[in-house]
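Every number here is computed from the coordinates shown, using simple stated rules; none is lab data. Please read all numbers here as calculations on a predicted model, not as lab measurements. Methodologically, a virtual Cβ is constructed for each residue, glycine included, from the backbone with ideal geometry; neighbour enumeration extends over all protein chains shown.
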Amino acid sequence: MNKILDRINKPQDLKLLSLGELEILAKEIRDVITQTVSKKGGHLSSNLGAVELTIALHFVFNAPEDKIIWDVGHQCYTHKILTGRKKIFSTLRQLGGMSGFPRKEESIYDAFNTGHSSTSISAALGIACARDIEEKSYSVVSVIGDGALTSGIAYEGLNNAGCLKKDLIVILNDNKMSISSSVGALSTYLTKLRTNPDYNRLRDDFKRLIEKSSFLKEEATTTIKRMEMGIKSLVMGGSFFEELGFRYFGPINGHNLQALVNILSRVKKLKGPIIVHVLTKKGKGYKFSEDNPSLYHSASPFNFSTGEMRKKEGKSWNEVFGETLTRLAKENNKIIALTAAMPEGTGLAKFKTEFPKRFFDTGIAEEHMVTFAAGLASEGYRPVVAIYSTFLQRAYDQVIHDVALQNLPVVFIIDKAGIVGQDGPTHQGIFDIAYLRYLPNMTIMAPKDEIELQDMLYTAINTTKNPVAIRYPKEKGLKGTKVEKFKHLKIGKAEVIQEGEEIVIFALGSMVKIAEEACKLLKEKKINPTLINARFVKPLDEDLILNLAKKTKKLITIEEGILKGGFGSAILELLQDKAADKYQIKRIGLPDKFIEQGERKELLKIYGLNKEKIIKTVEEIVR
């Protein structure tokens with residue numbers, strides 16, 4: 001039996017379908033998305049919630065002439081299927097395959113690259129202004145949701161758009177959740193807005209009145225809308241969006257295609273900035289995702305029939321971190337844990353349960369979270385900020401101005417550092433070493449395994465008085481062993497794993513295991529390097545480095561981060577400043593580029609972060 005989806009090769013094909021066919025199409029698309037993500041992994045819950053909304057947008061608007069900007073990108077799978085990419089959808093997030101996020105390089109239908117939250121309104125306003133300068137007339141639509149309105153840049157965009165009065169439509173996809181449950185005053189306001197019984201009862205009365213009276217329907221629509229807004233203002237105490245200069249429409253059932261098509265068709269003709277408030281259910285159409293949308297937000301491959309995730313053996317790094325922090329917090333009531341809408345993703349779910357008064361989820365507001373942590377630290381607390389490497393970039397000024405400049409003891413736990421993999425260039429955590437290394441007062445650590453992570457966390461919280469960053473990769477841990485008694489690590493002191501001759505290898509963090517494997521194979525080749533677990537990017541173990549450089553004259557550094565400004569560069573700078581002798585040094589790391597999507601192991605191999613590259617480099621220098 002032919003599917004309706006088989007007839008859709010571009011958005012214009014939707015316009016030939018009836019409402020009933022569009023509803024069948026939505027079910028077919030949900031099946032494709034769920035089946036594909038079950039095999040490949042990906043963002044499931046948010047995409048399932050946005051199927052009808054996406055169909056309605058492409059039914060009403062005329063992309064790519066009309067610009068649709070997807071915030072975060074967690075909602076774009078249906079958009080990609082409808083815009084000529086259904087045949088490559090099976091390559092989702094694979095090396096050389098289709099990106100899981102909007103990518104201008106991939107399709108003319110992707111108006112703006114996104115991967116981080118809350119940028120769509122600002123980008124859409126810029127596009128709208130460019131349109132008006134060029135005296136063109138296409139529509140510009142921002143689709144924002146998934147908790148993205150908890151981020152400051154979204155407010156800045158709304159404020160500026162309201163002032164400029166440009167023709168701009170903002171779709172607020174309100175699914176009552178971000179990655180974890182939405183937090184903050186705006187979320188509370190939206191909940192109040194959509195649930196107030198007095199407002200909704202009066203709204204429904206007006207709706208029935210309009211439906212019964214052709215006169216009102218045809219000639220008094222504007223008056224009724226004004227009356228409705230007046231009642232809303234009376235009952236709700238004013239509209240947040242209207243105070244910012246937007247015309248507000250909603251809430252609308254985001255799974256009712258007829259309602260969506262009707263409202264979008266109408267607002268498309270209106271002038272000025274407009275908000276359309278759409279209510280959707282995260283995980284819609286797949287029971288397991290509906291019941292646990294956080295689990296299926298960024299899903300690993302799973303059994304389609306049972307919903308059971310395919311688990312890897314061993315604990316993850318963030319699980320070990322969360323358990324260790326909870327353990328330390330039992331002995332130290334000054335420890336505070338903070339996250340930006342990622343308690344599960346960063347391993348803080350257990351801490352949140354055991355210490356609810358010492359746990360803070362700021363929503364998707366990294367800048368605020370870092371300064372919030374600085375305020376806590378200024379009052380004698382030990383805030384621990386758990387954050388992905390790629391998201392810490394969003395708070396860089398706050399790290400400098402509010403933490404490092406004041407030398408406040410905030411501990412940054414940098415998760416997903418290095419190659420993240422299938423989420424691609426927007427999420428690769430490859431820059432943190434370089435952008436943190438230059439900051440005065442900052443200490444940077446990288447554990448070789450989970451045992452060392454536990455000791456580093458203990459050391460950072462209990463024995464340092466300055467900002468500390470601890471970075472670790474996205475992968476299952478090596479040991480998962482609980483430390484019985486924490487060990488204080490001397491700041492800036494490296495570990496000699498193996499003593500040898502001719503050459504020395506300085507390995508950082510996740511690269512230590514790979515270097516150890518390489519050394520075993522080199523030994524079979526009668527080459528016996530000295531192997532150093534660097535532990536610290538800053539401060540360096542200067543005495544050890546200088547002594548070994550003087551002894552061997554030959555050095556290799558390896559790190560899971562960009563080479564420019566990274567760990568290897570720090571050693572180069574040290575040798576340039578303080579080493580009198582000539583030496584050979586080869587740095588292994590990531591190039592000066594944004595790293596594409598793919599399995600982590602694939603990308604490590606492509607960029608030479610493996611034992612084979614180490615062996616080849618050692619042989620080239622030694623022989």
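Relative to the longest principal axis of the Cα atoms of the chain, the long axis of helix 366-378 lies at roughly 60 degrees. Within the range 239-370, antiparallel bridges make up roughly 10 percent of the DSSP beta bridges whose residues both belong there.
Residues within the reach of a label modelled at LEU521 (point 7 angstrom out along Cα to beta-carbon, backbone nitrogen below 16 Å), restricted to the range 591-623, are 601-621. The simple spin-label model puts a point 7 Å past each Cα toward its Cβ; for LYS165 and ASN303 those points are separated by 6.1 nm.
The length gained by stretching the chain between GLU243 and GLN258 to full extension, at 0.36 nm per residue less their Cα-Cα distance, is 2.5 nm. Going from the residue with the fewest nearby Cβ atoms within 10 Å to the one with the most, SER378, SER99 rank SER378, SER99. Helical runs assigned H by DSSP (4 residues or longer) give the chain a calculated mean residue ellipticity at 222 nm of -12000 deg cm²/dmol, each run adding -39500 (n - 2.57) before division by the residue total. Short to long, the 10 Å bins of the Cα pair-distance histogram for the range 317-471 hold 12, 46, 37, 5, 0 percent of all pairs.
Extent along the principal axes, Cα only, for the chain: 94, 57, 52 Å, with the longest axis given first.
Applying 1/(1 + (r/R0)^6) with r as the Cβ-Cβ distance of GLU620 and ILE108 and R0 = 45 angstrom yields a FRET efficiency of 0.50. Between helix 152-164 and the chain there is an angle of about 40 degrees, using the helix long axis and the longest principal axis of the Cα atoms. In the chain, a dipole from Cβ-located charges (positive for Lys and Arg, negative for Asp and Glu) runs towards its positive end, and of LEU260, ALA365, TYR381 it is LEU260 whose Cα lies farthest in that direction. Distance between Cα centroids, the range 19-82 to the range 331-362: provide it in whole Å. The range 19-82 and the range 331-362 have Cα centres spaced 34 Å from each other.
Placing R0 at 35 angstrom, the Cβ-Cβ distance between LYS287 and GLU484 gives a FRET efficiency of 0.25 after rounding to 0.05. The mean sequence distance of close C-alpha pairs (under 8 Å, at least 6 residues apart), as a share of the length of the range 408-538, puts its relative contact order at 30 percent. Here LYS613 is the anchor, and the aspartates and glutamates within straight C-alpha reach of less than 12 Å, apart from those fewer than 8 places off in the same chain, are GLU517. Against the main long axis of the alpha-carbon atoms of the chain, helix 567-578 sits at an angle near 40°.
Dipole size of the chain about its Cα centre, with +1 on Lys/Arg Cβ and -1 on Asp/Glu Cβ: approximately 760 debye, rounded to the nearest 20. You can think of it this way: the chain between TYR583 and SER90 has 172.5 nm of extra reach, that is 0.36 nm per residue less the Cα-Cα gap. Scanning residues 5 or more positions from LEU590 or on other chains, those with amide H under 5 Å from its amide H are GLY561, ILE562, LEU563, with H placed 1.01 Å from N in the peptide plane. Between the range 381-418 and the range 482-532, what's the alpha-carbon centroid distance in Å? The distance from the Cα centre of the range 381-418 to that of the range 482-532 comes to 28 Å. Contact order, relative form, for the chain: 12 percent (alpha carbon pairs under 8 Å, 6 or more residues apart, mean separation divided by residue count).
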